[in-house]
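The values are calculated or read from the model by the stated rules, or taken from the named source; none is laboratory data. Since this is a predicted model, take the numbers as computed values, not measurements. Cβ coordinates were reconstructed from backbone atoms using ideal geometry, including for glycine residues, and neighbour counts include every protein chain displayed.
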Amino acid sequence: MAVKDHLRTLRLAAWLGWQIESNWARPLIFLTYSFIRPIAATLILVIMYLIVKQDVASEPALFSYVYLGATFYMFVSSVVFGITYVIHADREHYQTLRNIYISPISLYVYLIGRATGKVLLAALAVIISLTFGILVLGLPFDLLLVDWPLFLLTMVLGLACLIALGLALAGISLLTAKHSTSINEGVGGLVYLLCGAVFPITVLPAWGQAIGLTIPVTYWLELVRRSLYPGEGIELLGGLQDFTDGTILLFLLVSTVAFAALSLVLFRSADRVARQRGKLDMITTY
Amino acid sequence: MSDWALNLRAGMARAYARTVGATREPSWVVFDVLLPLLGVAAYIYYYRALGASPAFEGFVVLGGAMTAFWLNVLWGMAAQLYWEREVGNLQLFMVAPMSRMALLAGMALGGLFTSAVRALSTLVLGTLIFQVHMSVEDPLALAAVFSLTMLAVYGMGMVLSSLFLMYGRDAWNISNLMQEPVYLVSGFYFPVRELGLGVSALATLIPVTLGLDAMRQLLFGAASQGLLPVWLEASMLAVQAAAFFLLARFSLDRMEQRGRREGRLTLRWQ
Amino acid sequence: MAPAIEVRSLSRVFSGRGNTLALDNVDLTVEEGELFGLLGPNGAGKTTLIKILCTLLLPSSGTASVLGHDVDADAKQIRKRINMVSGGEISGYGLLTIRENLWMFTQFYGVPGKVARERIDSLLEAFGLQDKADAKLRTVSTGQRQKMNIIRGFATDPELIFLDEPTLGLDVSTSIAIRNYLREWVRERSGRTMLLTTHYMREAEELCDRVAIIDRGRIVAVDTPAGLKRRVGSGSSFLIETTPFDPEPMRSLPGMRGMTARPADGHMNIRMVLDDESVIADVISSIVSSGARVIGLSKNEPTLEDAFMHLVGRGLE
């Protein structure tokens, strides 16, 4: 299929995704809902931090490590679960998955497009959380000291990696309706636990660290922290202090490409099995 | 048949349906036992990375276990009648003669059972894996506080359930809204007193705050920095339980009548 | 003895974007022991009326009583003695078996365990669903699910049952089996009453002791199926087969009471009810002037469909 057709699918799906995301009777309340939950989750960590450490100022690098990780993890839940939820919603709620499936567009591209709305909302939540952190909690931050090229490159690769992960899970969702939320919860929990989302992976047992180092999210979060933190010392916390930014960027690139390839293979085989087993228009109402 | 017998049968049948439905497929063991452990593990490693005292790891295990009940109240109680309407069951419930309280009590009982399995496994596995130390010096008091907490928390679930009956998609959002923020203000992972007296006092309006605080005191002693004496927290829970049940009854009647007037008991996709 | 259903000056308005008058000053009486049909097109107000009678919805004005109890004040008394089934409904819990779902609903009516089990078994057999009794609901076909819901309605042994389009979407043989059961159920024991809504003419004609025709929220006529057909008058019901053309302009011909047109095998079958036989000449000249050709013409005994067209001015579909 021509790139032009994929782009059209992407644009159309993004439009549809945004219509669904923003189609709320009271948008202000919806936005509040969208932000309060992730910010409350971050605040739990902040309170835990303050209980143990008493203040932010004494160890600014550690606080930034925690806060930036927790904030950028919002992308993981929004993007990864946003994509899988499209399968669930289109199949069971709107019952349009079958129509989209038999149309000539690529379901894979359609799902990426539908996730755009989620990415935008997540980006907004991240900005709100960062602003709150800087203004209220004293999170060290300086726009002039941000390594913008590294940050932007990291975000592009990081989002690509999250989209790939989301698509792989969407493939699995094609096969199971009942467990799709639990699978999301499980994968989200594993990523949170093993990728140094809020604590350095060095506190994990050796096998946990080894798994964490194979997942691109670990490198993505490390680079986000390094590019945004204005001072020095944050690179010493995550267990990747032996590697330069460039090397980690390379790790991120390689692991993201591998993840994307794996996700494509997984999605295609799940798609095939779903057709074999007649799962594409399954409605559970369990 | 007396109304009591009818309501007892109805409540038991609903509890049976919920328990059997939730445990019929073996995969529930994986999802209900292993998934909550991931969250508990993350918070424990977080405390370790910060260099917190081991008592905090115990708070996380206890809080992690109690999330099972809170999640069940939000999703299995509060949002349940809205979901029942979506799949067409609500109108059948409403046409039936049993008391709506019996229906909700049945849902609560079934949910309590399935959540208890999730909570207990989190507690046992969390304690074993992370070598958490807790001592039960007064098992009777602990059992009493736990029971009162459950009565109050599920009573609150019944009130929410009746309120959510009238709200469409917002019900889902409100449940979402009450997940992490309640973990935060109710002190699921740390002594609630740390939030300051003002916030803690407000948070006691949510029964799980009082229940957690009292159980922390009974399991971890002085390290738990209790907010109020256990006996007082237990008494407050008892009052809350009674108040929520009365409120739920009143609210269900009002909401049903409003639903009948506005024709909203059978509407879907609002 | 009070009638099973008594409705007086009943109206129901749904507010929202522009108020919708779903029921407009309805009067209706259904006697105990009757199998009563409500016949009308989609959106006529049938389901709204059933919801009010089942205590799911309150009237905007007027009164309705069921088995001698007011639907507003005595809802609980009514609920103990009635049940309802909607065609095409997918309710029930997918993870429970058909038997468990049925058992659960009987318990909501306080049916003792042993009685419930025996009744469920005999109904499963009557509906040919015993093989699927222990299958999870989510694994069975739509038709089987619908049968389960019909059983659910009868398993509580109600005095009055409301069936809203019970055979909607079911295949012919299943529909026939269900109609037979419904007829049997009412006749089997005195005092049982059934209110059935349908838009299948044959169903109403075959089953119902009396039929109310409802259109745009108003009851247009209430009579036995034979009585309704008699209203058409003999010699005014015609079937004309023509070559294809647009028959819509014929609706406004003077003397045309109602008409349905269906294409079939490259032809057009037009069924019509006229004021009297003489109008047929105008009909034929209208067809010819449209450039079509009349292939066949027959005069029929009026059916319930003709009665409906006669009263409402159009067909059901």
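Only a single item in (1) surrounded by fewer than 16 Cβ atoms within 10 Å (Cβ to Cβ); (2) at pLDDT 95 or above; (3) of a type in the set (Val, Ile, Thr) is not met by C:Thr20, and it is number (2).
Taking the residues in the range A:132-191 that are outside any helix (DSSP H, G or I) and away from chain B (no Cβ under 14 Å) as candidates, determine which candidate is farthest from A:Ser106 (Cα to Cα). Step through it out loud before you land on a result.
The first filter runs over the range A:132-191 and keeps only residues outside any helix (DSSP H, G or I), leaving A:138-142, A:146-147, A:176-179.
Checking which are away from chain B (no Cβ under 14 Å) leaves us with A:138-142, A:146-147.
Numbers: A:Gly138: 46, A:Leu139: 43, A:Pro140: 44, A:Phe141: 42, A:Asp142: 42, A:Val146: 38, A:Asp147: 36 Å.
Ranking the candidates gives A:Gly138 first.
Somewhere in the range B:198-217, is a residue closer than 17 Å to B:Phe69 by Cα, of a type in the set (D, E, K, R), more than 14 Å from chain A (Cβ to nearest Cβ) and in contact with a helix residue (DSSP H, G or I) (Cβ under 9 Å, 6 or more places away or on another chain)? Checked against the condition, which is being closer than 17 Å to B:Phe69 by Cα, of a type in the set (D, E, K, R), more than 14 Å from chain A (Cβ to nearest Cβ) and in contact with a helix residue (DSSP H, G or I) (Cβ under 9 Å, 6 or more places away or on another chain), the range B:198-217 yields at least one hit.
Would you be able to tell me the number of residues in the range C:83-126 that are of a type in the set (Ser, Thr, Tyr), farther than 19 Å from C:Thr139 by Cα and touching a residue at least 24 places away in the same chain (Cβ under 8 Å)? Steps first, answer last, please.
So the first thing to find is which residues in the range C:83-126 are of a type in the set (Ser, Thr, Tyr), and the list is C:86, C:91, C:93, C:97, C:106, C:109, C:122.
With farther than 19 Å from C:Thr139 by Cα added as a condition, the list becomes C:86, C:106, C:109, C:122.
Filter once more, so that each one left must be touching a residue at least 24 places away in the same chain (Cβ under 8 Å): C:86, C:106, C:109.
Residues meeting the conditions: 3.
Can you find even one residue in the range B:149-156 that is over 23 Å from B:Met236 (Cα atoms) and either within 14 Å of chain A (Cβ to nearest Cβ) or hydroxyl-bearing (Ser, Thr, Tyr) (or both)?
Looking only at the range B:149-156, we keep the residues that are over 23 Å from B:Met236 (Cα atoms), and these are none.
The answer is no, given that none of the residues of the range B:149-156 is over 23 Å from B:Met236 (Cα atoms) and either within 14 Å of chain A (Cβ to nearest Cβ) or hydroxyl-bearing (Ser, Thr, Tyr) (or both).
When the range B:1-36 is filtered for residues that are outside any helix (DSSP H, G or I), within 13 Å of chain A (Cβ to nearest Cβ) and within 30 Å of C:Val111 (Cβ to Cβ), the ones remaining, listed by number, are B:Arg24, B:Glu25. Within the range A:94-105, residues that are without any contact (Cβ under 8 Å) to a residue 12 or more places away in the chain have Cβ atoms under 7 Å from residues that are surrounded by 13 or more Cβ atoms within 10 Å (Cβ to Cβ) in these pairs: A:Thr96/A:Asp90; A:Ile100/A:Asp90; A:Ile100/A:Leu107; A:Ile100/A:Tyr110, counting only partners at least 6 apart in sequence or on another chain. Under the condition of being part of a helix (DSSP H, G or I) and farther than 17 Å from C:Leu38 by Cα, the residues counted in the range C:267-317 number 11. Answer yes if at least one residue in the range B:157-172 is at positive phi and modelled with pLDDT under 95, and no otherwise. No, that holds for no residue.
Is it the case that B:Gly39 is part of a helix (DSSP H, G or I) and either within 14 Å of chain A (Cβ to nearest Cβ) or closer than 22 Å to B:Val117 by Cβ (or both)?
Values: part of a helix (DSSP H, G or I): yes; either within 14 Å of chain A (Cβ to nearest Cβ) or closer than 22 Å to B:Val117 by Cβ (or both): yes.
Yes.
Looking across the range B:192-216, the residues that are surrounded by fewer than 23 Cβ atoms within 10 Å (Cβ to Cβ) and either hydrophobic (A, V, I, L, M, F, W, C) or in a helix (DSSP H, G or I) (or both) come down to B:Arg193, B:Glu194, B:Leu195, B:Leu197, B:Gly198, B:Val199, B:Ser200, B:Ala201, B:Leu202, B:Ala203, B:Leu205, B:Ile206.
Of all strands (runs of 3 or more DSSP E) completely enclosed by the range C:170-244, which ones contain at least 3 residues that are of a type in the set (A, V, I, L, M, F, W, C), at pLDDT 90 or above and crowded, with 19+ Cβ neighbours inside 10 Å?
Numbers: elements: C:193-198, C:210-215, C:218-223, C:237-242.
Ranges flagged: C:193-198, C:210-215.
Quick one: in the range C:249-281, of everything that is of a type in the set (Gly, Ala, Ser) and surrounded by 14 or more Cβ atoms within 10 Å (Cβ to Cβ), which residue is farthest from the chain's Cα centre (by Cα)? Applying the filter and picking the extreme gives C:Gly255.
Within the span defined as the range C:141-156, one or more residues are farther than 13 Å from C:Leu123 by Cβ, touching a residue at least 24 places away in the same chain (Cβ under 8 Å) and among the small types (Gly, Ala, Ser).
So is A:Thr176 at pLDDT below 85 and under 20 Å from A:Gln19 (Cα atoms) or not? No; evaluated as a whole, the condition is false for this residue. Being more than 14 Å from chain B (Cβ to nearest Cβ), without any contact (Cβ under 8 Å) to a residue 40 or more places away in the chain and small (Gly, Ala, Ser) is a property that holds for A:Gly246. Restrict the check to the range B:100-121 and report whether at least one residue is among the aromatic types (Phe, Trp, Tyr), touching an Asp or Glu at 6+ places or on another chain (Cβ under 9 Å) and more than 14 Å from chain C (Cβ to nearest Cβ). The answer is no, given that none of the residues of the range B:100-121 is among the aromatic types (Phe, Trp, Tyr), touching an Asp or Glu at 6+ places or on another chain (Cβ under 9 Å) and more than 14 Å from chain C (Cβ to nearest Cβ).
From the list B:Gln257, B:Gln217, which residue is of a type outside the set (D, E, K, R) and modelled with pLDDT under 95?
B:Gln257
Here B:Gln80 meets each of (1) within 13 Å of chain A (Cβ to nearest Cβ); (2) surrounded by 24 or more Cβ atoms within 10 Å (Cβ to Cβ) with one exception, condition (1).
Going by what's in this entry, would C:Asp70 be described as of a type in the set (Asp, Glu) and in contact with a Lys or Arg (Cβ under 9 Å, 6 or more places away or on another chain)? Against the criterion (of a type in the set (Asp, Glu) and in contact with a Lys or Arg (Cβ under 9 Å, 6 or more places away or on another chain)), C:Asp70 does not qualify. Residues that are acidic (Asp, Glu) and free of Cβ contacts under 8 Å to residues at least 40 places away in the same chain do not occur anywhere in the range B:134-145. Go over the candidates A:Ala260, A:Ala274 one by one and state the one that is surrounded by 17 or more Cβ atoms within 10 Å (Cβ to Cβ), more than 14 Å from chain C (Cβ to nearest Cβ) and modelled with pLDDT under 90. Every option except A:Ala274 fails the conditions. Suppose the filter is free of Cβ contacts under 8 Å to residues at least 24 places away in the same chain and under 16 Å from the mean Cα position of the chain (by Cα); does A:Gly212 pass it? Taking the combined requirement at face value, the residue satisfies it.
For the range B:157-184, give me each residue that is among the small types (Gly, Ala, Ser) and either within 13 Å of B:Trp70 (Cα to Cα) or within 14 Å of chain A (Cβ to nearest Cβ) (or both).
Here is the first cut: in the range B:157-184, the ones among the small types (Gly, Ala, Ser) are B:157, B:161-162, B:168, B:171, B:175.
Answer for the range B:157-184, where residues must be among the small types (Gly, Ala, Ser) and either within 13 Å of B:Trp70 (Cα to Cα) or within 14 Å of chain A (Cβ to nearest Cβ) (or both): B:Gly157, B:Gly168, B:Ala171, B:Ser175.
The single condition among (1) farther than 25 Å from B:Ile44 by Cβ; (2) touching a helix residue (DSSP H, G or I) at 6+ places or on another chain (Cβ under 8 Å) that A:Val191 does not satisfy is (1).
Looking across the range C:269-278, just one residue is in contact (Cβ under 8 Å) with a residue 40 or more places away in the chain and among the aliphatic types (A, V, I, L, M), and that is C:Val273.
Looking at the range B:54-71, can you tell me whether even one residue there is within 13 Å of chain C (Cβ to nearest Cβ), part of a helix (DSSP H, G or I) and either under 18 Å from B:Val182 (Cβ atoms) or at pLDDT below 90 (or both)?
Start the filter on the range B:54-71 by keeping residues that are within 13 Å of chain C (Cβ to nearest Cβ), which leaves none.
Looking through the range B:54-71, none of the residues is within 13 Å of chain C (Cβ to nearest Cβ), part of a helix (DSSP H, G or I) and either under 18 Å from B:Val182 (Cβ atoms) or at pLDDT below 90 (or both).
If you go through the range C:127-145 and keep only what is within 14 Å of chain A (Cβ to nearest Cβ) and of a type outside the set (A, V, I, L, M), you end up with C:Lys136, C:Arg138, C:Thr139, C:Ser141, C:Thr142, C:Arg145.
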